[in-house]
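Have a look at the structure below, then the notes.
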Amino acid sequence: MLKNKKLAVIGVGKLGEALISGLLKKGAVSAADICGTVCHESSIARVKERLSIEVMLDNQKAVKGKDVVLLAVKPQNMDSVLKELSTVVTKDQLIISVAASVTTGFVEERLPKGIPVVRAMPNTPSVMNAGMAGLCTGSGAGDEHKQMAEAIFKCVGETVFVDESLMDGVTALSASGPAYLYVVIESLAEAGVKLGIPREVSTLLAAQTMLGSAKMILDSKAHPALLKDMVTTPAGCTIDGLMELEEGKLRVTLIKAVVKAAERARELVNTQNSKNKS
Ligand SMILES: NC(=O)c1ccc[n+]([C@@H]2O[C@H](COP(=O)([O-])OP(=O)(O)OC[C@H]3O[C@@H](n4cnc5c(N)ncnc54)[C@H](OP(=O)(O)O)[C@@H]3O)[C@@H](O)[C@H]2O)c1
């Protein structure tokens, strides 16, 4: 579906780079068909060196003749970028926004009527083709736009369509999620170090265990609690470890972390709107 499609990525920062890199690794889009933009002249060399794509500062020029325009600037830059693009984008182009908490309505209001818009919330493991993206559509997007957006994010991981009202939750869970899980891996690795295991070995043990456990859930579709029970031998050592986790309130801490991050995602929209009104 992406064959010979041309893509503009407005804002090749951490996320933009992760997505482009995943698409290139998969061979879904060729480097010659991708044009990226950045804000600072000094960033051009960085992007060229890392991705070997065309890079420029001119957003209007970058989107001309492209099939898909992926907006990957910070939420606070979306208003000005959309205004800049509003005179050049056409109904033949699909606009995909990955900006946290920016609604499809926000994007549509700033572009000519009827432009197809998809909102996506991917995460940085997309760079390893192990990403997770939540997607929802705006009022001008049809099935073919849904399929196109899905094809892009499927190249770099898993996708799921959700109601737009759930997108802040997706942001807090799977887009912020890698940060929480890195802390978990780092802590497990520290535990190994405390027990005398060299740091490198300890980090491998922790990260591969996280990967394997996730794979068990995804492949078997079993409930995590059932898989946990399989590891927990009566009167064995795992139950002692689990008791420590319960005492340290790991579960409630993780739940509160995601709920708090979702609240913050909602706040970003309000901050943005009040800035735009003033
Ligand atoms: N990071 C994540 O894990 C993640 C996950 C899901 C969604 N997102 C969303 O992805 C978006 C980008 O996040 P990020 O972490 O990648 O931020 P970032 O690293 O700061 O990247 C933002 C990029 O936008 C460029 N930029 C800023 N203003 C611009 C303009 N007017 N025209 C063209 N380019 C412009 C910047 O250029 P310079 O490099 O020259 O400054 C930078 O390369 C955000 O909306 C965020 O909510 C991020």
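Descriptive notes on the structure:
- Scanning the range 20-40 for residues that are within 13 Å of the ligand (Cβ to nearest atom) and under 24 Å from V89 (Cα atoms) turns up I20, C35, G36, T37, V38, C39, H40.
- The listed residue being surrounded by fewer than 21 Cβ atoms within 10 Å (Cβ to Cβ) and farther than 20 Å from K64 by Cβ, out of A100, A141, A151, A120: A151
- Selected residue (criterion: most open to solvent (accessible area, probe 1.4 Å)) from residues of the range 1-23 that are assigned to a loop (DSSP other than H, G, I, E, B) and touching a residue at least 40 places away in the same chain (Cβ under 8 Å): M1
- In the range 196-211, the residues that are within 22 Å of M128 (Cα to Cα) reach residues that are open to solvent by 60 Å² or more (accessible area, probe 1.4 Å) with C-beta atoms within less than 6 angstrom, at least six apart or across chains, in these pairs: A206/L188.
- Filter result (hydroxyl-bearing (S, T, Y) and more than 9 Å from the ligand (Cβ to nearest atom)) within the range 175-186: Y180, Y182
- All positions within the range 232-263 that are open to solvent by less than 90 Å² (accessible area, probe 1.4 Å) and either farther than 30 Å from L166 by Cβ or basic (K, R) (or both): T232, T233, G236, T238, I239, G241, L242
Yes/no per residue for (1) in a loop (DSSP other than H, G, I, E, B); (2) at pLDDT below 95; (3) surrounded by fewer than 20 Cβ atoms within 10 Å (Cβ to Cβ):
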position: K25; (1), (2), (3): no, yes, yes
position: A32; (1), (2), (3): no, no, yes
position: G36; (1), (2), (3): no, no, no
position: A45; (1), (2), (3): no, no, yes
position: K66; (1), (2), (3): yes, no, no
position: S80; (1), (2), (3): no, no, yes
position: T87; (1), (2), (3): yes, no, yes
position: G105; (1), (2), (3): no, no, yes
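The values are calculated or read from the model by the stated rules, or taken from the named source; none is laboratory data. Only a predicted model underlies this, so the values are computations on that prediction, with no experimental measurement involved. So basically every Cβ, Gly included, is an ideal-geometry build from the backbone, and we count neighbours across all protein chains shown. Just the protein is used for accessible areas: all its heavy atoms, side chains included, with ligands, DNA and RNA removed. Shrake-Rupley method; radii C 1.70, N 1.55, O 1.52, S 1.80 Å.
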